[in-house]
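Please read the structure below before turning to the comments.
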Amino acid sequence: MPTVTLHKLGQTFTDEVGPRTNLVVRAGIRQFPYPNLRYECGMGKCSKCACRVIAGAEHLPPPNWKEKKQLGERLEQGYRLTCQLWIEHDIELAQDDVPAAAALAGASAGA
Ligand code: FES
């Protein structure tokens, strides 16, 4: 069973999940990583679920078109859309304190 580690707000949350687990689906039914994973649409449209993959990225499939559209150059920094991932191996993720989209909006608003 894959072990998932999530770093968020200076804390670390770890649990085992079943094979081919989608963490946003799990959070939606109030199982780990609920309530610590931020998400919204569950469909690759909002980027609120974006996490940086710290370990285990080699087991993930290449980003799909939704991830490419939402994340752009952040893909190269290791970000993925958690709602688009079905976890089959151990993985370690970190979610920024501020949603990436809000951070980008703030950056452009200040420009
Ligand atoms: S929850 Fe909206 S993109 Fe993942």
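None of the figures in this text is laboratory data; all of them are computed from the coordinates on show. This is a predicted model, so every value here is computed, not measured. Here the Cβ positions follow ideal geometry from the backbone for every residue, glycine too, while neighbour counts run over all protein chains shown.
Could you check segment 21-41 and list, in sequence order, the residues that are within 12 Å of the ligand (Cβ to nearest atom) and more than 11 Å from the chain's Cα centre (by Cα)?
Within segment 21-41, V25, A27, G28, E40, C41 qualify.
State the number of residues belonging to segment 42-70 that are near the ligand (Cβ under 10 Å from one of its atoms), among the hydrophobic types (A, V, I, L, M, F, W, C) and either buried (at least 21 other Cβ atoms within 10 Å of the Cβ) or more than 13 Å from the chain's Cα centre (by Cα) (or both).
Total meeting the criteria: 3.
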